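The values are calculated or read from the model by the stated rules, or taken from the named source; none is laboratory data. Note that the coordinates shown come from a computational prediction; the quantities given were computed from them, not determined experimentally. Cβ coordinates were reconstructed from backbone atoms using ideal geometry, including for glycine residues, and neighbour counts include every protein chain displayed. Surface areas here come from the heavy atoms of the whole protein model, side chains and all, with no ligands, DNA or RNA. Shrake-Rupley method; radii C 1.70, N 1.55, O 1.52, S 1.80 Å.
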Amino acid sequence: MARFEGKVALVTGGGRGIGRAISLELASGGATVIVNYVSNSQTADEVVAAISAKGGQAAGMQADVSDAGQVAALFKSLRGEYGAIDVLVNNAGITRDKVIMMMKPEDFDIVQATNLRSCWLCCKEAARMMMRKRSGSIINVSSVVGIAGNGGQTNYAASKAGIIGLTKSLAKELAPRDVRVNAIAPGFVETDMTADLSDELKSAALEAIPLGRMGEPGDIAKAVAFLASADAAYITGQTLVVDGGMVM
Ligand code: NAP
């Protein structure tokens, strides 16, 4: 039997980049995947079509996960359609990089709302479902920047460090109900998010990666699928760094 047979997974920001790879990976393991997106319906539709073409089950659901009302509506739809979810991947995220002297409070706030508040909101809704079922796995996408810091990313690093604290705290709260909560900290992965970085910055990053290559979305997706699966049944509250050895 496929390892996610009969399971329902929600991937926030599941239509592009790392989220796309996670959606495809979980579906290839037999999960029914809900591909959340905020504005890019076309890429989400493409992921749903790719999953369906391989005989899998998937659906796109639009919601701005930084908004409490929209998250409540998203989970209401999920309850109506599927009863509950078994796997939540909090992947949606943005950057607004600037040195602190140039960064506006709005740049700070929108990054916290999109990366951290969204994670808390979705965790709260999913926790209710999973505690009732006494099973479930939540994977929050952090970043090595939340561990090591990075100039120009005070807002982003704060949100990603916050995700690690949230993950550990929630893991302690939910462990008695057999619900596991872990984080993934990707390194430098080639997606739209990193496409605009200067060649100079990219080659500096590459030099700092012992395995000598940038990450691919599939590298992160495989690690997420591991944490979501029964193979990780005794792992909770952890942050798995997937970065080619960049931060150790
Ligand atoms: P990406 O290609 O820019 O994709 C971002 C995704 O987030 C898109 O699917 C987008 O949806 C979604 N999203 C943004 N705001 C949202 C909102 N308010 N509500 C719902 N969805 C929203 O980024 P990525 O590189 O794949 O990054 C995915 C995650 O990995 C992020 O949390 C990021 O911080 C983290 N990460 C990335 C790297 C890297 O090097 N790429 C490294 C470490 C961590 P739409 O398609 O609708 O716009």
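Remarks
- Only one of the listed residues (LYS98, LYS76) is of a type in the set (D, E, K, R) and not in a helix (DSSP H, G or I). That residue is LYS98.
- For the criterion of being in a helix (DSSP H, G or I), open to solvent by 10 Å² or more (accessible area, probe 1.4 Å), of a type in the set (Gly, Ala, Ser) and modelled with pLDDT of 95 or more, SER159 fails.
- Residue in segment 57-64 that is open to solvent by 70 Å² or more (accessible area, probe 1.4 Å), within 15 Å of the ligand (Cβ to nearest atom) and not basic (Lys, Arg) present: yes
- Among the conditions (1) part of a loop (DSSP other than H, G, I, E, B); (2) more than 11 Å from the ligand (Cβ to nearest atom), GLY218 misses just one, which is (1).
- The residue list ASP45, ASP67 contains one member that is within 9 Å of the ligand (Cβ to nearest atom), open to solvent by 20 Å² or more (accessible area, probe 1.4 Å), more than 20 Å from ALA195 (Cβ to Cβ) and not basic (Lys, Arg), which is ASP67.
- Any hit, segment 114-129, residues being outside any helix (DSSP H, G or I) and either of a type in the set (Lys, Arg) or farther than 17 Å from GLY15 by Cα (or both): no
- Residue list for segment 206-231, restricted to those being surrounded by fewer than 13 Cβ atoms within 10 Å (Cβ to Cβ) and either in contact with a Phe, Trp or Tyr (Cβ under 8 Å, 6 or more places away or on another chain) or under 26 Å from GLU5 (Cα atoms) (or both): ALA230, ASP231
- Residue ID - most open to solvent (accessible area, probe 1.4 Å), chosen from residues in segment 131-156 that are in a helix (DSSP H, G or I) and out of contact with any helix residue (DSSP H, G or I) (no Cβ under 7 Å at 6 or more places or on another chain): ARG132
- Odd one out for GLY237 among (1) part of a loop (DSSP other than H, G, I, E, B); (2) more than 16 Å from the ligand (Cβ to nearest atom); (3) open to solvent by 20 Å² or more (accessible area, probe 1.4 Å): (3)
- Of all residues in segment 79-95 being assigned to a loop (DSSP other than H, G, I, E, B) and more than 13 Å from the ligand (Cβ to nearest atom), the one that is surrounded by the most Cβ atoms within 10 Å (Cβ to Cβ): ILE85
- Residues that are within 12 Å of GLY146 (Cβ to Cβ) and among the β-branched types (Val, Ile, Thr) within segment 158-217 comprise ILE163, ILE164, THR167, ILE184, listed in sequence order.
- Count of residues meeting criterion [more than 15 Å from the chain's Cα centre (by Cα) and either farther than 29 Å from LYS133 by Cβ or among the β-branched types (Val, Ile, Thr) (or both)] in segment 157-187: 3
- When residues of segment 22-42 are limited to those that are assigned to a helix (DSSP H, G or I) and open to solvent by 20 Å² or more (accessible area, probe 1.4 Å), the one farthest from ILE85 (Cα to Cα): GLN42
- Here SER203 meets each of (1) open to solvent by 40 Å² or more (accessible area, probe 1.4 Å); (2) within 12 Å of the ligand (Cβ to nearest atom) with one exception, condition (2).
- If only residues of segment 1-15 that are over 20 Å from ALA127 (Cα atoms) and out of contact with any strand residue (DSSP E or B) (no Cβ under 8 Å at 6 or more places or on another chain) are counted, the one that is most open to solvent (accessible area, probe 1.4 Å) is MET1.
Quick grid of which residues meet (1) of a type outside the set (Ser, Thr, Tyr); (2) touching a residue at least 12 places away in the same chain (Cβ under 8 Å); (3) closer than 23 Å to CYS119 by Cβ:
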residue	(1), (2), (3)
GLY19	yes, yes, yes
ILE22	yes, yes, yes
THR32	no, yes, yes
VAL35	yes, yes, yes
VAL38	yes, yes, yes
THR43	no, yes, yes
GLU46	yes, yes, no
ALA50	yes, yes, no
GLN57	yes, yes, no
